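Throughout, read-outs are computed from the coordinates displayed, never taken from laboratory work. Since the model is a prediction, treat every value here as computed from it, not as a measurement. Cβ placement follows ideal geometry from the backbone for every residue including glycine, while neighbour counts extend to all protein chains displayed.
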Amino acid sequence: MAEGEVIVGLEVHCQLDTKSKLFCGCSTDYRSDGPNTHVCPICLGLPGAMPVLNKRAIEYAMRVAKALNCAVLHESEFSRKNYFYPDLDKAYQITQYDKPLAEGGYLEIEGDEGGEKRVRLTRIHVEEDPGRLVHMGNAERGRYSLVDYNRAGIPLIEIVSEPDMRSPREARKFLNKLRATLEYLSVFDSDKEGSLRVDANISIKGSERVEVKNITSYKGVEKALTFEITRQKNMLRRGQRVERETRHFLEARGITQSARSKEQEHDYRYFPEPDLRPLRVGSWVDGIVLPELPDARRERFMAQYGCSLNHARTLTGELKLANFFEKVVAPDPKGLSALAATWIADTLIGELNYRDMGLDAVDPGSFTMLVRLLKAGTITDKSGVEVLRVILDQRLRHETPEKPAEIVARLNLARTGGDTGAITAAIEEAINENPKALEDYRAGKAGALNFLVGQVMKKTRGRADPAELNRQLAEAIRKRGA
Amino acid sequence: MVTEKDVQHIAELADVGISSGELGTFTHQFNEILEYFDTLDTVKGDAAPARDLYNVMREDETEPSLPREEVLRNAAAQEDGFIRAPRVM
Amino acid sequence: MTETSIVFEPEDRYHAFLTVCDRPVHAGGKLAGVTVAVKDNISTRGIETTCASKILRGYVPPYDAHVVELLRHAGAAIAGKTNMDEFGMGTTTENSAFGPTLNPRDTGRVPGGSSGGSAAAIAGGMVRMALGTDTGGSIRCPAAFCGIVGLKPSYGRVSRYGLIAYANSLEQIGPMGKTVTDVSTLMQVIAGYDRHDSTSHNKPYTHTPCVDIKGLKIGIPDEYFGEGVDPSVAAVVRKAIGRLEELGATTVPCSIPSMAYALAAYYVTCTCEASSNLARFDGVRYGPAADIKKPWHEAFQEVRRAGFGTEVRRRIMLGTFALSSGYYGKYYAKAQVARENVRKDFRRIFADVDVIAGPTMPTIAFRLGEKSDPLSMYLADILTVPANLAGIPAISVPCGTAAGMPVGLQIMGRHLEDERVVDVAYAYEQAVV
């Protein structure tokens, strides 16, 4: 490891997608309901209430442990982590401390230096989520907090990595790969707001380690790490010492800020949870059948559909995307795969991101139709993009999107392959209107032909094929003679 | 043994207030009791063995939650369905 | 189920009750029409539940403890909530935030604790049956001091769901009554599996007490008759054991060396667990309000200083200290080793005998105000804590008097053999009736 090298470790908390909470029967589907409507004596922390462990949460966590190649402990147990905070209604969190569910394991990511890199894991354990705090008031009227316990008791899986990452980019890749793996295992729904939280540990080799808490988005991780690394490197350059501390990430401002020093002195006074019994679930491992995971699916996309490594990586990077691709090409895999892969990976994703839309906005059948139109040459690439944008914008306006064929007809986007008259006319017009371009072309100036092609495209509303036009224009000019 | 300062620190860690008037007596009694606890120093034996029940779990089924009025009934203050609490810095 | 209500207007001269339900409803069932008092650390829906603490004043649980549901299904009439040492911490009921309970046998003396209210309600003739809880002797001590019967069930035999926790790994809800039959009947109703309690065993109690103890082998531990036990109390208990021998049992001397650590192991364990269990009382969701205008930690400390009594604060601090960084190995971990040694000693003894007998308490009931020093109070639990540490069943049955005050005979048995300890107590009771 070189001096000044960046060292990053991550602690990732993901909500497990069970129907009921970790220790009680309250429904986990709380996001569209009002505060404190998914609460019972157990998750509210009423005196006398007792936890009972949700078996599915452990099954899900075991799936993750197996998929990430961890060693499941012979006996694991739950412990109390004691601290006072309004959103922690028992004043302790039931978590796992010295006897977690599983240890070791690894996740392979695309390394900065190219090729696959193995990020080792320290451990995996299960714990409950606390409630949610909203800060209210102001300096004049007095500040106070409002608490909603709907989230209290939601099952979390915590995955701790070794400090094996060397850049914000690698951290982002780790997180993406982890998220995808959990989605493929059907234990996690990444669309749910707040379902994933990250704490990062960053140091520059030779200096102290800083913990950055409260990162709640994928983009946030790269931002937070980039800021923090810059901050630390600047300090070192100025000859200052980097303090070992905990900092919070303020997403809106893109900065990390030192947390109150009181937090660092937390003595959690861990001891085994006396109301729960230990787990001996090592024997479950053999019975767990893993579904096809991202890496295997990537290999299959390359073998079965002929996708390039990059396309395969992109397409299998999210479960929904991979499923979408396979649905789109299903009617004719051999015929549609090549084009579909390009159009989904290189165009669709970008258009969706730009509009902050999810894949649910696109009907696979419609997309298949679009790909077929493109393959048949009925429309040009440019028209294809236009059709796609029309569909997405219609969705944004909450209208039922038209089918691609309908849009092509309505906007008259069909390539005028047979209608040479219109194109010939447009070509003649373009040449007549731009005598200077004609001169430049004859003088051998590069770009003159492209300029004319552009003029014709404008006139034919992009229906003509640029490559074809090049040929046709050159021909038309040649025909004019000297 | 523990000093009054230690006892003050423990009281803060535990978030139980003790007044300055109580501090002296508390510390004295604390030390007496801790001395008694020290008999454990000479305990010999293995760590507590396996407990008698394992893998006590329930199926992932939902059950009705409390009606919100019940949740809020014992709370000192509430606002729009949330429970009010003193501010955290 | 048709419900009727009865009138319950006890003349409570002993301050046994904190809340009286003067028109309790009851229905058909095993306890049809029977008034049962419930210790105030057991959650009762719609009835204020305070654990005799100011920090829970006004708290009305929105749910019933599992055992309370069972009582209602059996047709019992919940007579009211009884006084106790605050959060179960004490041996005399003098630690109640709402004033002590008096011993009906001598109102200048304590009724024992922490289930003193339940014991006084029975001894004072107000009810025949009551629920108590026993963490380190809190059912058996008041049973002995007041001259009634009290059973601490095997750990896990009675659901703790709804019991406001003091020390989860030690405590049990248990039946208290005028006679062994009362206790056994109540046990039939409350014992059994509860899916809401992960430490619950699946062993219902369907027993009717039986007097035949011929051939029974009774262990007599040296430590239960040694120094620290009042000679007059020891003498009364020895006489009672002699009666058991007349009924056909044989006695075998034995020794429990691990008792040297039992009390320390008990107090370390219970204070550690309590420090965590009581941390939730913050005046936000229940109890007297926290001052919203102050910042969190300040408001929190204020609520707790005002709401918790001295003994409770002391135990919270002891437990916080014992669990704090660096001390876990010295205290809590060592205490669990000591517990295992106690279990081992009992297993060894129970290989040769069926039950163990001795005094329940080392003395008769103290005078009110007599025990002011915490440590000397803790030492009074020495004969009762071993059963809690090991999770074994233990019953106290009245066996005579010393200096005019009741003395209790304690019978302990193997884990889940509650029926047998009930039988031994029954055999003695019926023999002297």
- Message: Modelling each spin label as a point 7 Å along the Cα-to-Cβ direction, I'd like the B:Thr3/C:Asp230 distance in nm, to one decimal.
- Response: 4.4 nm
- Item | Whole-Hz couplings from phi, Karplus 6.51/-1.76/1.60, listed for region C:245-251; x for Gly and Pro | 5, 4, 7, x, 8, 10, 10
- Query: Any idea what angle helix B:4-13 forms with the longest principal axis of chain B, computed on alpha-carbon atoms, 0 to 90 degrees, nearest 10?
  - Reply: 20 degrees
- Query: Which GluC sites (Glu not before Pro) does region A:156-231 hold that lie in a coil by DSSP with at most 13 other beta carbons within 10 Å?
  - Reply: A:Glu193, A:Glu208
- Message: Test of understanding: ordering A:Met457, C:Met259 by Cβ neighbours within 10 Å, fewest first, what list do you get?
- Response: A:Met457, C:Met259
- Taking H as built 1.01 Å from N, whose amide H comes closer than 5 Å to the amide H of A:Lys403, not counting residues under 5 places away? none
- Message: Between A:Glu428 and A:Arg280, what is the label-point separation in nm under the 7 Å Cα-to-beta-carbon projection?
- Response: 9.3 nm
- Message: Once you keep just the Cα pairs under 8 angstrom separated by 6 or more residues, what percentage relative contact order results for region A:420-480?
- Response: 37 percent
- Inter-part gap, Cα centre of region A:1-68 to Cα centre of region C:376-433, in whole angstrom, is 45 Å
- Message: Ignoring everything except DSSP H segments at least 4 long, calculate the 222 nm mean residue ellipticity for chain C; use -39,500 (n - 2.57) per segment, divide by total residues, nearest 500.
- Response: -10000 deg cm²/dmol
- Message: With both bridge residues required to lie in region C:13-433, what share of the DSSP beta bridges run antiparallel, to the nearest 5%?
- Response: 65 percent
- Find the relative contact order for chain C and round it to a whole percent, using C-alpha pairs within less than 8 Å whose residues are 6+ positions apart. 18 percent
- region A:231-308: C-alpha gyration tensor shape, a/c 1.5 cut-off, then a/b vs b/c: oblate
- Footprinting proxy, A:Asp267, C:Asp373, B:Asp80: sorted fewest to most Cβ within 10 Å, the residues are B:Asp80, C:Asp373, A:Asp267
- Note on the structure: If each K or R counts +1 and each D or E counts -1, the residues other than A:Ala102 whose Cβ falls under 9 Å of its Cβ total +1
- Item | Spin-label proximity, C:Lys203 to region C:128-158 - amide N less than 18 Å from point 7 Å beyond Cα toward beta carbon | C:134, C:151-158
- Item | FRET E, pair B:Glu59, B:Glu35, Förster distance 56 Å, beta-carbon r, rounded to 0.05 | 0.65
- Message: Shape verdict for region A:91-158, please, from the Cα gyration tensor: rounded (a/c under 1.5), prolate (a/b greater than b/c) or oblate.
- Response: oblate
- Determine which lysines satisfy two conditions relative to A:Lys66: a Cα distance under 26 Å, and not lying fewer than 8 residues away in the same chain. A:Lys19, A:Lys21, A:Lys55, A:Lys99, A:Lys117, A:Lys173, A:Lys177, A:Lys192, A:Lys320
- With N denoting the number of residues in chain A, provide Rg(C-alpha) divided by 2.2 N^0.38 Å, to two decimal places. 1.25
- Message: Using amide H atoms built in the peptide plane, which far-off residues or other-chain residues are under 5 Å from C:Gly400 H to H?
- Response: C:Val407
- Task: Quick one: work out the % antiparallel among DSSP beta bridges in the protein assembly as shown, nearest 5.
- Result: 80 percent
- Once the Cα atoms of helix A:55-67 and of chain A are each reduced to a long axis, what angle between those two axes, in degrees from 0 to 90 to the nearest 10, is obtained? 60 degrees
- Query: What's the exposure ranking of C:Ser114, C:Ser159, C:Ser5, going from fewest to most Cβ atoms within 10 Å?
  - Reply: C:Ser5, C:Ser159, C:Ser114
- Task: State, as an integer percentage, the relative contact order of region A:6-287 based on alpha-carbon contacts under 8 Å between residues 6 or more apart.
- Result: 25 percent
- Item | Backbone HN-Hα couplings from phi across region A:437-454 [Karplus 6.51/-1.76/1.60, Hz, Gly and Pro as x] | 4, 4, 4, 4, 4, 5, 7, x, 6, 5, x, 5, 5, 4, 4, 5, 4, x
- Note on the structure: About its Cα centre, region B:1-87 carries a charge dipole, from +1 on Lys and Arg Cβ atoms and -1 on Asp and Glu Cβ atoms, whose size in debye to the nearest 20 is 180 debye
- Query: Between C:Arg367 and C:Arg347, how many nm apart are label points set 7 Å from Cα along the C-beta direction?
  - Reply: 4.7 nm
- Item | Antiparallel DSSP beta bridges within chain A, as percent of all bridges there, nearest 5 | 95 percent
- From the backbone phi of region A:249-257, what are the Karplus-calculated ³J(HN,Hα) couplings (6.51 cos²θ - 1.76 cosθ + 1.60, θ = phi - 60°) in whole Hz, Gly and Pro given as x? 8, 9, 4, 4, 9, x, 10, 10, 9
- Options C:Leu247, C:Leu56, C:Val36, ranked by Cα towards positive dipole end of chain C, top entry (Cβ charges): C:Leu56
- For A:Arg277, other-chain or 5+-apart residues with amide H closer than 5 Å (H placed, Pro excluded) are B:Val56
- Task: Pick out, from A:Ile229, A:Phe188, A:Pro274, the residue whose Cα sits farthest towards the positive end of the charge dipole of region A:165-281, with +1 on the Cβ of Lys and Arg and -1 on the Cβ of Asp and Glu.
- Result: A:Ile229
